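First up is the structure itself, then whatever we jot down about it.
The values are calculated or read from the model by the stated rules, or taken from the named source; none is laboratory data. Keep in mind that what you see is a predicted model, and the values were worked out from it rather than measured. Positions of Cβ are generated from backbone atoms using ideal geometry, with glycine treated the same way; all protein chains shown enter the neighbour counts.
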Amino acid sequence: MFEKTIMMDVELLSRLQFAGTIMFHYLFPPLSIGLGLQLFLCELAYVRTGHPAWEAAARFWTRVFAVNFAMGVATGIVMEFEFGTNWAAYSRFVGDVFGSALAAEGIFAFFLESGFLAILVFGWDRVGPKMHLFSTLMVFLGSVFSAVWIVIANSWQQTPAGYHIVWQEIQGQSVPRAEVTDFWAMVFNPSSVDRLTHTLIGALVLGAFFVASVCTFYLLKQRHDDVARRCLSIALPSALAFTLLAALTGHDSAQKLVETQPAKLAAMEAHFKTTDQPTGLYLFGWPDAEDETVHFGVRVPWLLSLMVYNDPGKPVPGMDQIPESDRPPVWLPFQMFHLMVGLGTMMIVLAALACWFWFKETYQNHRWLMWSIVLMPLAAMTANQAGWITAEVGRQPWIVHPSVQNGVEMMGLRTKDGLSESVTAEQVLSSIVLFAVIYSLLFAVWIFVLNHKIQHGPESIEELESHKRTRSASKLSDQIRHGGTGRGGGLMDEEL
Amino acid sequence: MSYDTITLVWFFLLGVLLTGYAILDGFDLGVGILHPFIAKDDRERRLVMNSIGPLWDGNEVWLVTFGGALFAAFPNAYATVFSSFYAAFHLLLTCLIGRAVSLEFRSKVHSTTWRRFWDTVFFLSSITAAALLGIAGGNVMAGMQVGPMFRYEGGLLDQLYWYPLLVGTLTVSLFALHGSIYLFLKTEGELQQRVRNRILRLFYCFAGLYAVVTIATWLHVPHATETLTRHPWLWIVPVLNALAVLNIPRAMHLGKPGYAFFTSSMVIAALASLFSVAIFPNFVLSTIDPAYSVTLENARSSHQTLITMLWIALIGMPCVASYTITIYWIFRGKVQLDSNSY
């Protein structure tokens, strides 16, 4: 009994640590992906038109991007280490499958990103505009590839495919592990395409609203008018397009759940009891898994049946179809799912209104709308996080969901069986404290520096021109001094 | 390709990734270690940091890819090693985060206190990361308390005894030396002269520690030389290593700093190869009972996965090599500060 409580602690603490570190990490990559696209579009406009305002915009977003990217890299390494430090048994079970996706991420995505990031951030005055634009595109693609591989790996945990279970003889004991039998079936497992498109679009929504927010803020404060208006003409329409696509891909993702992960769907909708009547959908409520009821709930009849089966008459299976030991928590997936959908709907409405007024050229007359757009990155970030909480908590108690392959039932791995055998609760607790301290500090610094950059804003066209003159002058004087080698100048110590 | 052959190929490729990481991140960790001792004012500190500005991030990717490849190719080794070094690796992560953000944030704000704070973080995290990598390497060299079913039975304190600490110190001195030669290549004028004066001192420091660690390994880690005894041709590695060590001051004396940097990279490659030779055919030798050791054979992934990953590596490696060369080419020459610098 005593040992059991200790084990529980390690499980709870390890889950808390993973949840905390992955959620903190996930503040940054979606913004890198989303902002990467906006940056690329600004720079494309610069290369095509040659207008210095586009250059000022691209240089400004590069600086914001760099700060965010560094945070993503720093907090991302933690994730890779944590699989081994905290989830050793899980790593042994999935290494053959999950490891290859992670290694592919390293070699295809991370090298691409980090290599071209150097040119993107430091190469403005070293390479031509076209090479720079190409580098921006490569960094964006690198961040997309990295999402591709990690979402594939995660989707395999949700809906495993292309594998079998092998019992290995180790020191006289039989130990199960998953081994790949069909690499492409593993990559294109039943949920990977839907979940990947939804995840990427969530990131693009955030990027579009981030740019829209900062530029709207400039308009409200009557600063950097030219740059702000140019960027908004890209950001607002893309925000509308991506929020609509997010709804579409989200709907596809949810429809598949009834086949692949019915327990998750039941949790998301707090659908406890299966009946032979059409199933309703709660708009909101307070689910109670003990009593199997939803308090204060408002339910639209037959809507869930319609959403899931495109048929308002067909009943959806509820949580009672799932063995008690395999049921996920209900409250958290329900609330997070509803939060995500609610925020998504709000974002669609606001993006549509903003676009409407933008094209009627009356956007600046609606200050309430402008301030709402300023706040929208928070909504997009929250929706991204809430979506992942739904997906991951809804998968419990499994870390690798069981599946059926060619009619054969395959065992899954329970989260509690995935822990590191040798790690104690005290160790996990101390690393949680360590991360809590460092991440709070980082968060404060990130906000501070981001705010600093945004308050400083893009350079004016005159500043841009004068910098160019200084650079060519210092290059010239260096060439005179060093007999043509062109180096070491740049006493410019101004801060960015 | 047979299962055993491809297992060896992956052991070799992991060695390549580890060597690449140690050479590349080695110089930028070294620059971090030297930073407070070499740069006198804010401009020099910015020059020193910007000498690795565009490169450190890509260098660290080698570690990430090494971790991913170890996870994929030898999951049991990844799981045992990473969970055994629970405390050490969390500290290492803290240091890697500290380095990343101190580089990124230091010069963003005009305030002496702010900059001094991040300078300290940069130095401490660089030196601690180098030491921890060495300490982890030393433990793996000497063997660890792995019990039945790959379960680690020791703790942090079991990992901090004289031998790993000595290897940790050697790693710090090696990276500092490697970093100083890199800085010599990237700087000019008075700053470069100051770097030059350090190189020889760092060399003596490293050479002394190198001799001590060699003797210590001979005495403390008897299995390290077993593979050498079985395959005597491998003796060429330690011999070349010793020659390469001596070649560093020679190249500097001849006024060929690029050659010196190449040589110090080769010293790192030779040490990483000796490390692989010493642990082979185990990943972690159990000091409790050799039967509990994590070996190449009991840690590897399935035959098919190793083949798939080889394809991934064959497609990926040329791309990686091409961007790495492009980036180093674009940012060649002496470091200079401009409006995009840190």
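Based on this model, can you work out whether residue B:41 counts as surrounded by fewer than 24 Cβ atoms within 10 Å (Cβ to Cβ) and without any contact (Cβ under 8 Å) to a residue 24 or more places away in the chain?
Details: surrounded by fewer than 24 Cβ atoms within 10 Å (Cβ to Cβ): yes; without any contact (Cβ under 8 Å) to a residue 24 or more places away in the chain: yes.
Yes.
Residues that are more than 30 Å from residue A:464 (Cα to Cα), part of a strand (DSSP E or B) and not aliphatic (A, V, I, L, M): does the stretch A:177-193 have at least one? Walk me through it before giving the result.
Kept after step one, since they are more than 30 Å from residue A:464 (Cα to Cα), are these residues of the stretch A:177-193: A:177-193.
If we keep only those that are part of a strand (DSSP E or B) too, we end up with A:177-180.
So of that shortlist, the ones also not aliphatic (A, V, I, L, M) come out as A:177, A:179.
Checked the stretch A:177-193: at least one residue is more than 30 Å from residue A:464 (Cα to Cα), part of a strand (DSSP E or B) and not aliphatic (A, V, I, L, M).
Would you mention how many residues in the stretch A:413-439 are touching a residue at least 60 places away in the same chain (Cβ under 8 Å) and not aromatic (Phe, Trp, Tyr)? Give the steps one after another, and end with the answer.
Initially, the stretch A:413-439 is screened for residues touching a residue at least 60 places away in the same chain (Cβ under 8 Å), giving A:413, A:415-425, A:428-429, A:431-432, A:435-436, A:439.
Checking which are not aromatic (Phe, Trp, Tyr) leaves us with A:413, A:415-425, A:428-429, A:431-432, A:436.
Total meeting the criteria: 17.
Output yes when any residue across the stretch A:69-91 is in contact with a helix residue (DSSP H, G or I) (Cβ under 7 Å, 6 or more places away or on another chain), more than 8 Å from chain B (Cβ to nearest Cβ) and among the β-branched types (Val, Ile, Thr), and no when none is.
no
Can you confirm whether the stretch A:49-58 contains a residue that is of a type in the set (Val, Ile, Thr), part of a helix (DSSP H, G or I) and more than 26 Å from residue A:163 (Cβ to Cβ)?
Initial filter on the stretch A:49-58 (of a type in the set (Val, Ile, Thr)): A:49.
Right, trim to part of a helix (DSSP H, G or I) and you get A:49.
Cutting the leftovers down to more than 26 Å from residue A:163 (Cβ to Cβ) gives us A:49.
The answer is yes; a qualifying residue exists.
Do we have residue A:106 as modelled with pLDDT under 85, assigned to a helix (DSSP H, G or I), touching a helix residue (DSSP H, G or I) at 6+ places or on another chain (Cβ under 8 Å) and not acidic (Asp, Glu) here?
Details: modelled with pLDDT under 85: yes; assigned to a helix (DSSP H, G or I): yes; touching a helix residue (DSSP H, G or I) at 6+ places or on another chain (Cβ under 8 Å): yes; not acidic (Asp, Glu): yes.
It is true that residue A:106 is modelled with pLDDT under 85, assigned to a helix (DSSP H, G or I), touching a helix residue (DSSP H, G or I) at 6+ places or on another chain (Cβ under 8 Å) and not acidic (Asp, Glu).
For the stretch B:85-125, give me each residue that is more than 19 Å from residue A:70 (Cα to Cα) and more than 23 Å from the chain's Cα centre (by Cα).
Residues satisfying the conditions are B:110, B:111, B:112, B:113, B:116.
Working carefully through the options A:387, A:394, A:344, find the one that is in contact with a Pro (Cβ under 7 Å, 6 or more places away or on another chain) and closer than 30 Å to residue A:293 by Cβ.
Working: A:387 fails: in contact with a Pro (Cβ under 7 Å, 6 or more places away or on another chain); A:344 fails: in contact with a Pro (Cβ under 7 Å, 6 or more places away or on another chain).
It is A:394.
This table checks each residue for (1) farther than 20 Å from residue B:280 by Cα; (2) more than 10 Å from every other protein chain (Cβ to nearest Cβ).
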{"position": "B:73", "(1), (2)": "no, no"}
{"position": "B:89", "(1), (2)": "yes, no"}
{"position": "B:103", "(1), (2)": "yes, no"}
{"position": "B:123", "(1), (2)": "yes, yes"}
{"position": "B:139", "(1), (2)": "no, yes"}
{"position": "B:158", "(1), (2)": "yes, yes"}
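Return yes or no: is residue B:247 free of Cβ contacts under 8 Å to residues at least 40 places away in the same chain and closer than 14 Å to residue B:34 by Cα? Steps first, answer last, please.
Values: free of Cβ contacts under 8 Å to residues at least 40 places away in the same chain: yes; closer than 14 Å to residue B:34 by Cα: no.
No: the conditions fail for residue B:247.
So which of A:217, A:210, A:188, A:183 is of a type in the set (Phe, Trp, Tyr), on the phi < 0 side of the Ramachandran plot and within 14 Å of another protein chain (Cβ to nearest Cβ)?
Answer to the selection: A:183.
This table checks each residue for (1) in contact with a Phe, Trp or Tyr (Cβ under 9 Å, 6 or more places away or on another chain); (2) closer than 24 Å to residue B:295 by Cα.
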position	(1), (2)
B:166	no, no
B:183	yes, no
B:190	no, no
B:201	no, no
B:223	no, yes
B:228	yes, yes
B:245	yes, no
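Evaluate the following for residue A:63: is it in a helix (DSSP H, G or I) and either closer than 21 Å to residue B:57 by Cα or touching a Phe, Trp or Tyr at 6+ places or on another chain (Cβ under 7 Å) (or both)?
So residue A:63 passes the test.
Would it be correct to say that residue A:64 is within 12 Å of another protein chain (Cβ to nearest Cβ), in contact with a Lys or Arg (Cβ under 6 Å, 6 or more places away or on another chain) and touching a residue at least 40 places away in the same chain (Cβ under 8 Å)? Before the answer, list the steps.
On the way: within 12 Å of another protein chain (Cβ to nearest Cβ): yes; in contact with a Lys or Arg (Cβ under 6 Å, 6 or more places away or on another chain): yes; touching a residue at least 40 places away in the same chain (Cβ under 8 Å): yes.
Yes.
Which of (1) loosely packed, with under 12 Cβ neighbours inside 10 Å; (2) at pLDDT below 75; (3) under 30 Å from residue A:230 (Cα atoms) does residue A:451 not meet, given it meets every other one?
(2)
Scan the stretch B:285-298 and report the pairs whose first residue is closer than 9 Å to residue B:143 by Cβ and whose second residue is of a type in the set (Phe, Trp, Tyr) and crowded, with 16+ Cβ neighbours inside 10 Å, with Cβ atoms within less than 7 Å and a gap of 6+ or a chain change.
B:286/B:292
Going by the structure shown, is residue A:373 more than 24 Å from residue A:154 (Cβ to Cβ), modelled with pLDDT of 90 or more and crowded, with 19+ Cβ neighbours inside 10 Å?
Details: more than 24 Å from residue A:154 (Cβ to Cβ): yes; modelled with pLDDT of 90 or more: yes; crowded, with 19+ Cβ neighbours inside 10 Å: yes.
For residue A:373, the condition - more than 24 Å from residue A:154 (Cβ to Cβ), modelled with pLDDT of 90 or more and crowded, with 19+ Cβ neighbours inside 10 Å - is met.
Residue-wise test of (1) touching a Leu at 6+ places or on another chain (Cβ under 9 Å); (2) buried (at least 20 other Cβ atoms within 10 Å of the Cβ).
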| position | (1), (2) |
| --- | --- |
| B:95 | yes, yes |
| B:98 | yes, yes |
| B:102 | no, yes |
| B:109 | no, no |
| B:125 | yes, yes |
| B:149 | no, no |
| B:152 | no, yes |
| B:162 | no, no |
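Collect the residues in the stretch A:93-137 that are touching a strand residue (DSSP E or B) at 6+ places or on another chain (Cβ under 6 Å) and within 7 Å of chain B (Cβ to nearest Cβ), keeping them in residue-number order.
Once the filter is applied, which keeps residues that are touching a strand residue (DSSP E or B) at 6+ places or on another chain (Cβ under 6 Å) and within 7 Å of chain B (Cβ to nearest Cβ), the stretch A:93-137 yields only A:96.
Is it fair to say residue A:409 is acidic (Asp, Glu) and within 13 Å of chain B (Cβ to nearest Cβ)? Walk me through it before giving the result.
Working: acidic (Asp, Glu): yes; within 13 Å of chain B (Cβ to nearest Cβ): no.
Spelling it out, it is not the case that residue A:409 is acidic (Asp, Glu) and within 13 Å of chain B (Cβ to nearest Cβ).
For the condition within 14 Å of residue A:276 (Cβ to Cβ), buried (at least 16 other Cβ atoms within 10 Å of the Cβ) and under 30 Å from the mean Cα position of the chain (by Cα), what is the one hit in A:316, A:308, A:330? Don't jump to the end; show me each part of the working.
Numbers: A:308 fails: within 14 Å of residue A:276 (Cβ to Cβ); A:330 fails: within 14 Å of residue A:276 (Cβ to Cβ).
Answer to the check: A:316.
Restricting the stretch A:318-370 to residues that are in a helix (DSSP H, G or I) and charged (D, E, K, R), which is nearest to residue A:390 (Cα to Cα)? Reasoning before the result, please.
Step one: list which residues in the stretch A:318-370 are in a helix (DSSP H, G or I), which gives A:319-321, A:324-326, A:331-359, A:363-365, A:367-370.
Restricting the remaining residues to those that are charged (D, E, K, R) gives A:320, A:324, A:326, A:367.
On the way: A:320: 20, A:324: 19, A:326: 16, A:367: 34 Å.
It comes out as A:326.
For the stretch A:286-301, what are the residues that are at negative phi, loosely packed, with under 14 Cβ neighbours inside 10 Å and outside any loop (DSSP other than H, G, I, E, B)?
Across the stretch A:286-301, the qualifying residues are A:295, A:298, A:300.
Please identify the pairs in which a residue from the stretch A:72-96 that is within 26 Å of residue A:175 (Cα to Cα) has its Cβ atom under 8 Å from the Cβ atom of a residue that is among the β-branched types (Val, Ile, Thr) and assigned to a helix (DSSP H, G or I), counting only partners at least 6 apart or on another chain.
A:79/A:21; A:79/A:22; A:80/B:64; A:82/A:21; A:84/B:81; A:86/A:428; A:88/B:80; A:96/B:305
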